[in-house]
Amino acid sequence: MLRRSLLPLLLAALATGCATLPQRDPPQVTVAGIEPLQGQGLELRLLVKLRVQNPNDAPIDYDGVYVKLDVQGRTFATGVSDSRGSVPRFGEAVVTVPVTVSAFRMARQVVGAMGAMERGEGVDKVRYDLSGKLSGTGLRTVRFGAKGELSMPDAAGRAPTRGT
């Protein structure tokens with residue numbers, strides 16, 4: 001009987017504790033560079049350099065990184081790193097993560113683009129969604145994401161122009 005009466009108090013205390021955690025703005029993450037790595041078999045390996053900007057007044061300490069890149073709504077590449085470091089308060093850092101693109105994922109993207117071209121849909125833009133996390137200790141994991149579109153060049157190598 002005592003346990004039943006303590007359960008609501010415990011849940012209320014946990015909810016209050018979570019509500020009092022400081023609110024942080026998400027970091028801004030962009031791809032700063034990509035370098036090829038040695039692959040295995042039919043996979044493509046790349047070293048992705050992420051520029052992480054911290055808009056908060058406390059540093060982001062991390063001990064592990066995960067990143068996922070979706071292209072045209074489908075997972076294209078994923079990667080993890082056990083690197084550790086810190087992004088200073090109101091500062092930035094470059095974090096490197098090796099990512100893997102499987103031959104199956106590459107083929108799926110090509111088949112999807114060919115199907116779009118056969119249906120008469122233009123492939124002038126490629127949508128991407130970058131997401132991931134900087135893992136910290138306890139409740140300190142910081143998630144990030146970025147979305148956008150890349151314009152594809154036309155047959156002459158020019159980026160398409162937008163009409164008004």
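Residues that are within 18 Å of residue 140 (Cβ to Cβ): which strands (runs of 3 or more DSSP E) entirely in region 21-74 hold 3 or more of them?
60-71
Yes/no per residue for (1) farther than 19 Å from residue 146 by Cα; (2) touching a Lys or Arg at 6+ places or on another chain (Cβ under 8 Å); (3) not hydrophobic (A, V, I, L, M, F, W, C):
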{"residue": "25", "(1), (2), (3)": "no, no, yes"}
{"residue": "44", "(1), (2), (3)": "yes, no, no"}
{"residue": "52", "(1), (2), (3)": "no, no, no"}
{"residue": "55", "(1), (2), (3)": "no, no, yes"}
{"residue": "61", "(1), (2), (3)": "yes, yes, yes"}
{"residue": "73", "(1), (2), (3)": "no, yes, yes"}
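Surrounded by 14 or more Cβ atoms within 10 Å (Cβ to Cβ) and not basic (Lys, Arg): is that true of residue 82 in this structure? Reasoning before the result, please.
On the way: surrounded by 14 or more Cβ atoms within 10 Å (Cβ to Cβ): no; not basic (Lys, Arg): yes.
For residue 82, the condition - surrounded by 14 or more Cβ atoms within 10 Å (Cβ to Cβ) and not basic (Lys, Arg) - is not met.
For residue 86, work out the one condition from (1) more than 28 Å from residue 24 (Cα to Cα); (2) polar (S, T, N, Q); (3) in contact (Cβ under 8 Å) with a residue 12 or more places away in the chain it doesn't fulfil.
(1)
Taking the residues in region 32-53 that are free of Cβ contacts under 8 Å to residues at least 60 places away in the same chain and among the β-branched types (Val, Ile, Thr) as candidates, determine which candidate is farthest from residue 68 (Cα to Cα).
Per the criteria, the residue is 34.
I'd like the residue in region 117-158 that is over 22 Å from residue 75 (Cβ atoms), part of a loop (DSSP other than H, G, I, E, B) and in contact with a strand residue (DSSP E or B) (Cβ under 8 Å, 6 or more places away or on another chain) and, out of all such residues, is modelled with the lowest pLDDT.
137
Inspect all residues belonging to region 40-60 and state whether any of them is in contact with a Phe, Trp or Tyr (Cβ under 6 Å, 6 or more places away or on another chain) and modelled with pLDDT of 90 or more. Before the answer, list the steps.
Restricting attention to region 40-60, the residues satisfying the condition of being in contact with a Phe, Trp or Tyr (Cβ under 6 Å, 6 or more places away or on another chain) are none.
Checked against the condition, which is being in contact with a Phe, Trp or Tyr (Cβ under 6 Å, 6 or more places away or on another chain) and modelled with pLDDT of 90 or more, region 40-60 yields no hits at all.
The values are calculated or read from the model by the stated rules, or taken from the named source; none is laboratory data. Quantities reported herein were computed from a predicted structural model and do not represent experimental measurements. For neighbour counting, all protein chains shown are included, and Cβ atoms are generated from backbone atoms with ideal geometry for every residue, glycine included.
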